1. Could you list, in sequence order, the residues of region 77-90 that are over 12 Å from the mean Cα position of the chain (by Cα) and either open to solvent by less than 50 Å² (accessible area, probe 1.4 Å) or at pLDDT below 95 (or both)?
2. Starting from residues that are among the charged types (D, E, K, R) and at pLDDT 95 or above, keep the ones in region 63-76 and report whichever is surrounded by the fewest Cβ atoms within 10 Å (Cβ to Cβ).
3. Is it the case, given these coordinates, that residue 58 is more than 24 Å from residue 1 (Cβ to Cβ), surrounded by 14 or more Cβ atoms within 10 Å (Cβ to Cβ) and in contact (Cβ under 8 Å) with a residue 60 or more places away in the chain?
4. Would a scan of region 46-56 turn up a residue that is in a strand (DSSP E or B), polar (S, T, N, Q) and at pLDDT 95 or above?
5. Kindly check whether there is at least one residue in region 66-75 that is touching a helix residue (DSSP H, G or I) at 6+ places or on another chain (Cβ under 8 Å) and of a type in the set (A, V, I, L, M).
6. Being open to solvent by less than 20 Å² (accessible area, probe 1.4 Å), modelled with pLDDT under 95 and more than 15 Å from the chain's Cα centre (by Cα) is the requirement here; does residue 42 meet it?
7. Any idea which of 16, 35, 10 is within 24 Å of residue 104 (Cα to Cα) and open to solvent by less than 70 Å² (accessible area, probe 1.4 Å)?
8. Kindly provide the set of residues from region 57-72 that are assigned to a strand (DSSP E or B) and not basic (Lys, Arg), ordered by number.
Amino acid sequence: QVQLVESGGGLVQPGGSLRLSCAASGTIFFIYVMGWYRQAPGKQRELVAAIDSGGSTNYADSVKGRFTISRDNAKNTVYLQMNSLKPEDTAVYYCNADLARGRDHRDDYWGQGTQVTVSS
């Protein structure tokens, strides 16, 4: 079984920073992509940032220049450094992993979510 555990969420003032972490554990053959999604109240879940096994990244336009995604392949961990936070960044942030538990068992896995609240 695979588990994704997020940490680092919390309450921060506008302009502040947070660093989210997500560690994947369990039976993992290969991780193709890890990323972060978020869901704000009354809105659909959206992709925030993603990073593939080679280090290529994608960002939502709304966070470009402010957020940075990175990964530590040895630890099966993905990070999201969030700077210059805005109230509109408030959401539940979910870790996602596109991974294989075996050569023929590729699937998407989700963390439980961590709350990020940006408010003064």
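1. First pass over region 77-90, keeping only residues over 12 Å from the mean Cα position of the chain (by Cα): 83-90.
Of everything in region 77-90, those that are over 12 Å from the mean Cα position of the chain (by Cα) and either open to solvent by less than 50 Å² (accessible area, probe 1.4 Å) or at pLDDT below 95 (or both) turn out to be 85, 89, 90.
2. We begin by selecting, within region 63-76, every residue among the charged types (D, E, K, R); these are 64, 66, 71-72, 75.
Applying the additional criterion that residues be at pLDDT 95 or above yields 64, 66, 71.
On the way: 64: 11, 66: 15, 71: 20.
Only one residue tops the list, namely 64.
3. no
4. Step one: filter region 46-56 for residues in a strand (DSSP E or B), giving 46-52.
Cutting the leftovers down to polar (S, T, N, Q) gives us none.
Within region 46-56, none of the residues are in a strand (DSSP E or B), polar (S, T, N, Q) and at pLDDT 95 or above.
5. Step one: filter region 66-75 for residues touching a helix residue (DSSP H, G or I) at 6+ places or on another chain (Cβ under 8 Å), giving none.
No, that holds for no residue.
6. Values: open to solvent by less than 20 Å² (accessible area, probe 1.4 Å): no; modelled with pLDDT under 95: yes; more than 15 Å from the chain's Cα centre (by Cα): yes.
Judged against the criteria, residue 42 is not a match.
7. Values: 16 fails: within 24 Å of residue 104 (Cα to Cα); 10 fails: within 24 Å of residue 104 (Cα to Cα).
Exactly one residue qualifies, and that residue is 35.
8. Of the residues in region 57-72, the ones assigned to a strand (DSSP E or B) are 57-59, 67-72.
Scanning region 57-72 gives 57, 58, 59, 67, 68, 69, 70, 72.
The values are calculated or read from the model by the stated rules, or taken from the named source; none is laboratory data. Because the structure is predicted, anything quoted here is derived from the model rather than measured. Positions of Cβ are generated from backbone atoms using ideal geometry, with glycine treated the same way; all protein chains shown enter the neighbour counts. With ligands, DNA and RNA removed, areas are computed over all heavy atoms of the protein, side chains included. Shrake-Rupley method; radii C 1.70, N 1.55, O 1.52, S 1.80 Å.
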